[in-house]
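Beneath this line is the structure, given in structure tokens, with notes to follow.
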Amino acid sequence: MTKLQEPIVYEGGCHCGAVRFQVLVDSYVVHDCNCSICRKKAFLHLIVPQENFTLCQGKDVLTSYTFNTKVAKHTFCSICGIHSFYYPRSHPDMIDVNIRCLDRDLIDKFTIRPFDGQNWERNIDQIRA
């Protein structure tokens, strides 16, 4: 069951503080993907429309990594290496925020759903709906 919460703006960023953002959260469901990169980063995916995300600082220190289809742009801080958000392959016109990079520990506010990203093509419709 999805935990119901009011839409709220949260702040977050990378470990060193060079990258800072705000995100308007109106859905409290995140996905825990088991693909090769998400599992290693421990990324908990909150996919939001671009208008719900504001990069407040750090554009100049962001770098990105791409692989496989080169659609996803895995952004991270070039100083501390933290991946606080990126542009996902599943929703290339949206932003995917790692809720672990929000300023407070808010995991208990979210429903975490597993996603079998190891079999991405077979399962992607589960998170696109």
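Values in this text are rule-based calculations from the coordinates and carry no lab data. Since this is a predicted model, take the numbers as computed values, not measurements. Every residue, glycine as well, gets a Cβ built from its backbone with ideal geometry; the counts of neighbours run over all protein chains shown.
By counting other Cβ atoms within 10 Å of each Cβ, how are Cys38, Cys56 ranked from fewest to most?
On the way: Cys38 22, Cys56 12.
In increasing order of surrounding Cβ atoms, one gets Cys56, Cys38.
Measure out, as a whole number of angstrom, how far apart the alpha-carbon centroids of region 1-65 and region 76-98 sit.
Their Cα centres are 7 Å away from one another.
For Lys40, go through the aspartates and glutamates and keep the ones whose alpha-carbon is under 18 Å away, minus same-chain ones fewer than eight residues off.
Counting by Cα, and skipping residues close in sequence, Lys40 has these aspartates and glutamates nearby: Asp32, Asp96, Asp116.
As a test, work out the antiparallel percent of DSSP beta bridges whose residues both lie in the chain, rounded to the nearest 5. Before the final figure, lay out each step's value.
Working: 25 of 30 bridges.
Here the share of antiparallel DSSP bridges comes out near 85 percent.
Straight-line reach from Lys59: which lysines have Cα under 20 Å away, leaving out those fewer than 8 places along the same chain?
Lys73
Given R₀ = 35 Å, FRET efficiency for Met94-Cys16 by Cβ-Cβ distance, to 0.05?
On the way: r = 26 Å, r/R0 = 0.73.
Step by step, r from the Cβ atoms, then E = 0.85.
I need two numbers for the chain: Rg to one decimal and Dmax as a whole number, Cα atoms only, in Å.
Using the Cα atoms of the chain, the pair Rg, Dmax is 13.8, 40 Å.
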